[in-house]
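The values are calculated or read from the model by the stated rules, or taken from the named source; none is laboratory data. Keep in mind it's a predicted model, so treat the numbers as computed, not measured. For neighbour counting, all protein chains shown are included, and Cβ atoms are generated from backbone atoms with ideal geometry for every residue, glycine included.
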Amino acid sequence: MELRKDPLTRSWVMTGDDLPELAPRPETECRLCPGSPEQAKLQQISTRPSVQGGPWSARAVVHPGAVYHIEGRIDRRGEGIYDRMPNVGAHELLIENPKHDRQLWNAGDAEVEQFLLLVAQRIQDLKGDARFRYISVFKNFGPGSGQEFAHPNSQLTATTFIPRRVLYELRAGLDYYNQKERCVFCDILAQETAASTRIIEVRGDFVAACPYASRAPYETWILSRAHDSSFEHHALNHPQSMRDLAGLLRRTLQRIRTLTESFHMVLHTSPNKFHASASLGYWQTLDEDYHWHIEILPILAAKAKSYTFKEVYYSPVTPETAAARLREASVEI
Ligand SMILES: [Zn+2]
Ligand SMILES: [Zn+2]
Ligand SMILES: [Zn+2]
């Protein structure tokens with residue numbers, strides 16, 4: 001397996017004839033449930049203490065079908081005009097809850113809070129490895145999402161490159177800052193809060209909203225009103241605020257689930273500052289110009305094919321309508 005760079009879009013593509021099968025496979029017994037013999041074989045990385053009577057609250061293990069491997073040097077090699085490198089990185093499974101049926105939308109806020117703190121800890125730890133430029137945390141849930149395990153889980157990858165979409169955001173954030181000396185995300189939040197048409201819910205310092213140019217129907221972002229470029233910095237320095245984020249995340253997923261079961265969710269946080277990038281002005285203003293957030297992209301099965309229309313995102317529901325429907329969806333307190 002190796003990574004190849006597309007010289008036109010600068011995206012990295014993983015390829016190889018030995019890629020593990022990514023499709024969900026039937027499981028007779030859940031291999032992530034505590035007590036299962038399969039679970040005991042997984043390589044443990046970090047565990048958060050129990051909060052509601054279980055053996056633990058959230059746990060990181062090495063992904064049993066890891067597509068990145070921690071050992072090795074990053075040899076970027078040229079092949080004529082092309083670039084390639086080995087798939088060095090980390091691939092972890094973040095088990096959100098020891099109980100098989102307690103997902104982020106039906107677990108207690110204290111449990112979700114522990115999961116968020118595990119995420120922050122893992123990102124901080126992996127940023128200590130100078131080889132890794134970016135740590136991605138994401139969740140795929142439901143049919144058509146690429147979900148691999150039935151047990152409540154998210155995944156983490158540490159990569160030697162920055163994923164393309166994050167790079168777009170970093171460049172746009174830097175350009176905006178260079179022009180206005182303000183964070184574009186803080187400005188968006190201020191305008192959205194004043195207009196309120198695309199706001200779904202505010203809880204403590206956190207806001208759930210449908211972005212102005214949503215890529216998919218009911219696309220929802222969660223942002224913090226307190227500016228911070230890095231989620232892990234925010235979470236570990238203000239752990240008490242994670243209870244509000246947990247509650248807002250739980251309720252937002254409940255709202256989305258009134259419309260569809262399936263979704264992708266991704267956390268966008270700052271890249272590893274060990275690597276200074278010339279094209280991004282050596283990230284001197286990264287702490288000021290970037291702002292962490294969570295993006296949720298619901299998957300509406302019937303509409304899946306129409307999202308891209310001649311390479312332009314096409315969303316048949318405006319974010320104003322989406323926010324209004326999500327606001328009115330019934331959720332638990
Ligand atoms: Zn399970
Ligand atoms: Zn900001
Ligand atoms: Zn983003």
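Tell me which residues, restricted to the range 128-141, are modelled with pLDDT of 95 or more and in contact with a Lys or Arg (Cβ under 9 Å, 6 or more places away or on another chain).
Result: Ile135, Val137.
Could you tell me which numbered condition Lys127 fails, if it satisfies all but one of (1) more than 26 Å from Ala235 (Cβ to Cβ); (2) basic (Lys, Arg); (3) crowded, with 21+ Cβ neighbours inside 10 Å?
(1)
Each row is one residue, and each column tells you yes or no for (1) over 14 Å from Asn97 (Cβ atoms); (2) part of a strand (DSSP E or B); (3) at pLDDT 90 or above.
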residue: Gln39; (1), (2), (3): no, no, no
residue: Ser46; (1), (2), (3): yes, yes, yes
residue: Ser50; (1), (2), (3): no, no, yes
residue: Arg59; (1), (2), (3): no, yes, yes
residue: Val67; (1), (2), (3): yes, no, no
residue: Arg73; (1), (2), (3): yes, no, no
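Suppose the filter is in a helix (DSSP H, G or I), within 23 Å of Met242 (Cα to Cα) and more than 16 Å from ligand 2 (Cβ to nearest atom); does Gln155 pass it?
no
In the range 158-178, how many are farther than 16 Å from His291 by Cβ, outside any loop (DSSP other than H, G, I, E, B) and over 13 Å from the mean Cα position of the chain (by Cα)?
Qualifying residue count, the range 158-178: 2.
Of the numbered conditions (1) surrounded by fewer than 18 Cβ atoms within 10 Å (Cβ to Cβ); (2) at pLDDT below 95, Phe161 satisfies every one except a single condition; which is it?
(1)
Which numbered condition trips up Arg225, out of (1) under 25 Å from Gly128 (Cβ atoms); (2) within 16 Å of ligand 2 (Cβ to nearest atom)?
The failed condition is (1).
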